[in-house]
Each structure stands twice: as C-alpha cells, then as structure tokens.
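Q: Take a look at this one; I'll ask things after.
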C-alpha cells in the first residue's frame, strides 16, 4: 500500500507544471515589450505617412526626402553596437525607458521643423535614440523566458513592428489629411513619452520583480532563462566584435537581416508616397494597401515562432528548429 500511495507524487513534466504557476509575470513583461515595439515602429513609419504633405509644405525634392528617409538608418546602424553594451550595462528597464522617452521627444520635435536641415538632424537623432530598443528587447526575453518558450516570445514582440503599422496607418493618414502632417508627429511623440514613463514604473528584471512567485522564477531559470545574468556586469572588449565575425552563424544572421530589412524599409518609407504620386489612388486605398504587407508579416512571424518552439518540444535540434522558419521565409 505504501508504494501505491506514493506513486501520484511523481513530479509533473515541466510543460504541465508551467500551467500551474502562481504567477505569470513574464507575460506582463512581454506585453510591455510588444507595446514598446509598436511605438518604436510607428515612430519610424510616421514620416512615410507625413512625407507627401511635408514635402509639398516644406518644398523638399525627392533627393532631400531620400536623405531624410535614410538618415535614421545611418545613425541607427552605427549606434547598435554600443547600444547593446549599454543594455548589458544598465539593464532593459533604464536602457529602454530612457531610449523611448528621448526618441519620442525627438519625434514630437519633428512637428516643429521648418526645413530640410532641422528635419534631417532630428531623423539622425531618432536613429541614435532608437538603437538600444532591440538589444533591450532581446535581453528582456532572455532573462524572463525559458528556451522552450523563447521563440514564440520573440515572435510576439517582433510582430509589434508590423501590428503597429497595420493598425495605425489609417489613423495617421486621417490625422495628416484632417489636422495636418505636424499632428502626426505630435501625437505619436506624446504617446511614446507617456509609455516610456509607464515602462520605467512597471518593468523589472526577474530578481528585482517583487510580484513574481518563487515557482515562476524557478521555472524560468530551470528552463534556461538567464535570470542571474541580469545581476552581472560584464566588461566590454572591442576585440570581441572581431571574434564574432569568425562564426558563420553571425554572417548568416547579418545577411538574412540585410535582405529582409532592405524590403521592409521600402514599405516603411517610400511606399505611401509611391501610391499617392505615381498610382494616384485615394487616401482610403493608400491606407488599405499600405497595411497589407504588415498584416502578412504579422501572421508569418507568429507562425514561425510557434512552429520553432513546437519543433523543440518534439525533440528536434535547436539549430534546425530555428533555421527552418527562416529558410521557408526566404523561399
């Protein structure tokens, strides 16, 4: 009888135990990442909505608008590497909060510009200030989510870059046509500043979060979340950058990102202008066609993350599970 009664006390599998955790604080943090990413990309795409009206009002030609569109990417690319160091040094809470508030303030200032020089300078500033966002995103997911949930978690916050564009393009077009293009920047900038304050108030790393249960903390740490790394401060060495490029995985990521971003930035910048000036379609149709690529991307990225995590749970190697959705996307 002793052996019979003892049998039911066998520990439940990790996947089952996860459903019984007293708290699920990691999902609140993920929702903050999603909202922040939506704001991040709305503040990138808002200039494409305002561009046809802005160019006419400020007397900007196509070359000047091309420089304005690309200014963001120049400083963003340059600032990404030090931004990753900043995220590791100061943590996701302060890095993301300060980044969000400063780039949103610069976004608001775009509504006050009087010509090319001021607009170009502000786009350079926004690129610099937005650079820490995705390193802080990645760090937050790494410390809050076990490996078996990380693919979907990354997909959820990443889809914010497409969801925000799909949801708010129509509203931004309405603002530009009804109240003027300057209100596009005022509105999106104010929203970003307010949410930056909310982020600083709510977000915490696992070991600093007083509302996460011991069971959830143990679950995510046992699953491979780098919980304790959020307490550590590693010294940065520039030679580590050169060492990274010895790995073919890094080259593969860079090439893939270059390919996807090249297509993405056309839709984030010139697409609405092209539809208005070259295709001569109405604003309602511009709003509709502008969101279609981002709706498709949202569905694709969520499906890819779910499939990747599902493959890992089925015992497929981590390398294959992560590469398969990327390979299908390239096809």
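Q: Would region 184-195 turn up any residue that is surrounded by fewer than 19 Cβ atoms within 10 Å (Cβ to Cβ), at pLDDT 90 or above and more than 22 Å from the chain's Cα centre (by Cα)?
A: No: region 184-195 contains no residue that is surrounded by fewer than 19 Cβ atoms within 10 Å (Cβ to Cβ), at pLDDT 90 or above and more than 22 Å from the chain's Cα centre (by Cα).
Q: Yes or no: region 102-125 includes at least one residue that is within 20 Å of residue 208 (Cβ to Cβ) and touching a helix residue (DSSP H, G or I) at 6+ places or on another chain (Cβ under 9 Å).
A: Checked region 102-125: no residue is within 20 Å of residue 208 (Cβ to Cβ) and touching a helix residue (DSSP H, G or I) at 6+ places or on another chain (Cβ under 9 Å).
Q: Here is a further query. Among the numbered conditions (1) within 29 Å of residue 82 (Cβ to Cβ); (2) modelled with pLDDT of 90 or more, tell me where residue 179 comes up short.
A: (1)
Q: Ok, one more. Of all residues in region 119-171, how many are over 20 Å from residue 26 (Cβ atoms), at pLDDT 90 or above and part of a helix (DSSP H, G or I)?
A: So the count comes out to 12.
Q: A follow-up question, please. Name the single residue that is surrounded by the fewest Cβ atoms within 10 Å (Cβ to Cβ) among those in region 111-137 being within 13 Å of residue 72 (Cα to Cα) and in contact (Cβ under 8 Å) with a residue 60 or more places away in the chain.
A: The residue in question is 119.
Q: Within region 59-98, can you find the residues that are in contact (Cβ under 8 Å) with a residue 60 or more places away in the chain and either outside any helix (DSSP H, G or I) or touching a helix residue (DSSP H, G or I) at 6+ places or on another chain (Cβ under 6 Å) (or both)?
A: If the condition is that a residue be in contact (Cβ under 8 Å) with a residue 60 or more places away in the chain and either outside any helix (DSSP H, G or I) or touching a helix residue (DSSP H, G or I) at 6+ places or on another chain (Cβ under 6 Å) (or both), then 65, 92, 96, 97 are the ones that fit.
Q: For the structure I just gave you, tell me whether residue 45 is modelled with pLDDT under 85, within 30 Å of residue 132 (Cβ to Cβ) and assigned to a helix (DSSP H, G or I).
A: Yes; evaluated as a whole, the condition is true for this residue.
Q: Continuing with this model, one more query. Determine, yes or no, whether residue 50 is modelled with pLDDT of 90 or more, crowded, with 22+ Cβ neighbours inside 10 Å and part of a helix (DSSP H, G or I).
A: It is false that residue 50 is modelled with pLDDT of 90 or more, crowded, with 22+ Cβ neighbours inside 10 Å and part of a helix (DSSP H, G or I).
The values are calculated or read from the model by the stated rules, or taken from the named source; none is laboratory data. Fair warning: this is a prediction, and the values are worked out from it, not measured in the lab. Using ideal geometry, Cβ is built from the backbone for each residue, glycine included, and neighbour counts are taken over all protein chains shown.
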